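Chemist: First the structure, then my questions, so here it is.
What follows draws every value from the coordinates through simple rules; no lab data is involved. Just so it is clear, the structure is predicted and the values come from calculations on it, not from any experiment. Ideal geometry is used to build each Cβ from the backbone, glycine not excepted, and the neighbour counts take in all protein chains shown.
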Amino acid sequence: MKRVALLGATGSIGRQALEIIEAYPELELVAAASGSQPIDGLAPLTQVGGDLTELLERAAPDVVLNAVVGFAGLPATLWTLERGVDLALANKESLVAGGDLAVSAWKGRGGRILPVDSEHSAAFQLLEGRPPDVVHSLVLTASGGPFRGRTRAELGVVTPSEALAHPTWNMGPKITVDSATLMNKGLELIEAHFLFGLDYDRIEVVIHPTSIVHALVRFRDGASLAHVGYPDMRVPISFALTYPERAATPIEPLEFGSGLILEFALPDEQAFPCLGLARAAGEAGGTAPCVLNAANEVAVGAFLDEQLPFLGISDVVERTLSSVDSPPAQDLDELVAVDAEARRTASALMRELVH
Ligand code: NAD
Ligand code: MG
């Protein structure tokens, strides 16, 4: 039996995880948490809001599935890694904002990070733990979101409901907007850097509209491997929770008989500047990725509330990055302070932009 703690149980990932846990007798849900929705009776231990590490402390899980959205997931990520417990990680923001702290908490303590983000689950399977120097580059695929092919001028008028209509994935609102701006792929670049120890110049992004290829690894010997399958998050969730078993799921493997065609193109970084902003923040290091993430969370929230136009998201992120200092953080308290400062700055810049 594997004791599972599920954080973010009411979300898109959380609900799909419940389905996987229910179907696999060797997974025992011992604790569940949500941000605000009631979850009484879902697990022996439940918690709504508050400090998730208190719940984890009581639950003593074998694996923590962190499917909280945003920076709020960071303390649970650090708690899990510090104790050498396996971390099934959907909450990419915790690794983006707290990558340095997370990596030092992770190394040498014996716990694994089992990525749930589909591209990173794919890369994890392709890399099989090989060291970075055998890799020519890791290629992350992006669907391009609902606005693929649009010009910057056309993006000026798009609405939250248009941004929320994702062509291939059905996800929570924040990541769906991130997919529309390509910030999601930017966050994933930084996530991949910390997960696999690859320098940024060895992580590429390509647009692949049907989301059949989840990632490719181009090795130094000339071989490239791809991970392919229908876009369904239950596959990486199941892989992470049942690792290394690769348990059965109800999802059909890919069908080739009907003439499968795979298309790839380079992203339009002029129309979608968030990708470049994330790459630059990752390369700058220190707490720049934390500042990027905080500004993005504030801007996406405002866009969803119709307080900021779509193109304002990248503007707010860019201006916040150039206004806030981003020296390395020594601990979680310092990082929380940087995050808060970036949020205040982003909110103030947003008021200037809108008025
Ligand atoms: P969602 O908005 O559907 O769900 C978020 C969950 O987090 C909810 O259960 C909510 O109650 C909980 N939550 C929010 N704030 C909280 C807080 N302060 N404390 C405790 N719980 C809190 O989001 P989602 O789409 O399921 O995404 C969750 C995470 O997984 C995100 O980091 C996202 O980037 C990542 N992810 C999601 C998908 C997907 O297909 N949905 C794919 C890859 C990665
Ligand atoms: Mg992804």
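Chemist: Which residue fluctuates most in the GNM of the chain (Cα springs below 10 Å): ASP133, ASP62, ASP315?
Modeler: Largest GNM mean-square fluctuation: ASP133.
Chemist: Which residue fluctuates most in the GNM of the chain (Cα springs below 10 Å): GLY222, GLY301, GLY11?
Modeler: GLY222
Chemist: For a footprinting-style exposure proxy, rank THR287, THR176 by other Cβ within 10 Å, fewest first. Before the final figure, lay out the partial values.
Modeler: Working: THR287 28, THR176 22.
Least crowded to most crowded, the residues run THR176, THR287.
Chemist: Right, something else. Per Stokes-Einstein, at 25 °C and 0.890 mPa s, what whole-number D in µm² s⁻¹ belongs to the stretch 215-266, with the Kirkwood radius over Cα pairs as the hydrodynamic radius?
Modeler: Numbers: Rh = 13.5 Å.
For the chosen part, D equals 182 µm²/s.
Chemist: For every helix of n ≥ 4 consecutive DSSP H residues, a contribution of -39,500 (n - 2.57) applies; sum these over the chain, divide by its total residues, and give [θ] at 222 nm rounded to the nearest 500 deg cm²/dmol.
Modeler: Helix-only estimate at 222 nm: -13500 deg cm²/dmol.
Chemist: Kindly provide log₁₀ I(q)/I(0) values, in the same order as q = 0.14, 0.21, 0.25, 0.28 Å⁻¹, from the Debye equation applied to equal alpha-carbon scatterers of the stretch 53-93.
Modeler: -0.24, -0.56, -0.79, -0.99
Chemist: Over all directions, the average projected area of the alpha-carbon convex hull for the stretch 239-355 comes to how many nm²?
Modeler: On the way: hull surface 47.9 nm².
Directional mean of the projected Cα hull area for the stretch 239-355 stands at 12.0 nm².
Chemist: Also, quick follow-up: Quick one: which residues, 5 or more positions from VAL116 or on another chain, have an amide H under 5 Å from its amide H? H modelled 1.01 Å from N in the peptide plane, none for Pro or chain starts.
Modeler: LEU89, ALA90
Chemist: Using a/c under 1.5 as the rounded threshold, could you call the stretch 132-260 rounded, prolate or oblate? The axes a ≥ b ≥ c are square roots of the C-alpha gyration tensor eigenvalues, and prolate needs a/b larger than b/c, oblate otherwise. Walk me through the intermediate numbers first.
Modeler: Details: a/c = 1.69, a/b = 1.26, b/c = 1.35.
Oblate.
Chemist: Across the chain, how large is the tail of the calculated P(r) beyond 35 Å, expressed as a percent of all Cα pairs?
Modeler: Working: 11607 of 62835 pairs.
It works out to 18 percent of all Cα pairs.
Chemist: By the gyration tensor of its Cα atoms, with a ≥ b ≥ c the square roots of the eigenvalues, what is the shape of the stretch 1-156: rounded for a/c under 1.5, prolate for a/b over b/c, or oblate? List each step's numbers first, then the result.
Modeler: Numbers: a/c = 1.76, a/b = 1.28, b/c = 1.37.
Oblate, since a/c reaches 1.5 and b/c is not below a/b.
Chemist: Next question. Which residue fluctuates most in the GNM of the chain (Cα springs below 10 Å): ILE261, ILE237, ILE21?
Modeler: Of the options given, ILE261 has the highest mean-square fluctuation.
Chemist: What chymotrypsin sites (Phe, Trp or Tyr not before Pro) in the stretch 202-303 are in a loop by DSSP, with at most 15 other Cβ atoms within 10 Å of the Cβ?
Modeler: Taking the stretch 202-303 and a limit of 15 other Cβ atoms within 10 Å, the loop chymotrypsin sites (Phe, Trp or Tyr not before Pro) found are PHE256, PHE264.
Chemist: Normalising by the residue count of the chain, find the relative contact order in percent from Cα pairs under 8 Å and 6+ residues apart.
Modeler: Working: 666 pairs, mean separation 55.3, N = 355.
Once normalised by length, the contact order is 16 percent.
Chemist: Filter the trypsin sites (Lys or Arg not before Pro) in the stretch 28-118 to those in DSSP coil with at most 14 other Cβ atoms within 10 Å of their Cβ, and list the result. Let's see the in-between values first.
Modeler: Working: sites: ARG58, ARG83, LYS92, LYS107, ARG109, ARG112; in loops: ARG83, LYS107, ARG109, ARG112.
Filter output for the stretch 28-118: LYS107, ARG109.
Chemist: Only helices at least 18 Å long along their own axis, judged from Cα atoms, and with Kyte-Doolittle mean hydropathy of 1.0 or greater: name those in the chain from DSSP H. Intermediate results must be reported in sequence, preceding the final value.
Modeler: Numbers: long enough: 183-196 (19 Å, 0.51); 288-304 (24 Å, 1.29); 310-323 (21 Å, 0.59); 332-354 (33 Å, 0.27).
Both cut-offs are met by 288-304.
Chemist: With every atom except the alpha carbons ignored, what do you get for Rg and Dmax of the stretch 21-112, in angstroms?
Modeler: In order Rg, Dmax, the Cα atoms of the stretch 21-112 give 12.9, 37 Å.
Chemist: Per residue, what volume in Å³ does the convex hull of the Cα atoms of the stretch 76-141 enclose? Intermediate results must be reported in sequence, preceding the final value.
Modeler: Numbers: hull volume 6.4 nm³, N = 66.
That works out to 97 Å³ per residue.
Chemist: Right, here's the next one. Can you return the lysines within cross-link range of LYS107? Criterion is Cα-Cα under 19 Å, with same-chain partners fewer than 8 residues away left out.
Modeler: By straight Cα distance, LYS107 reaches LYS92.
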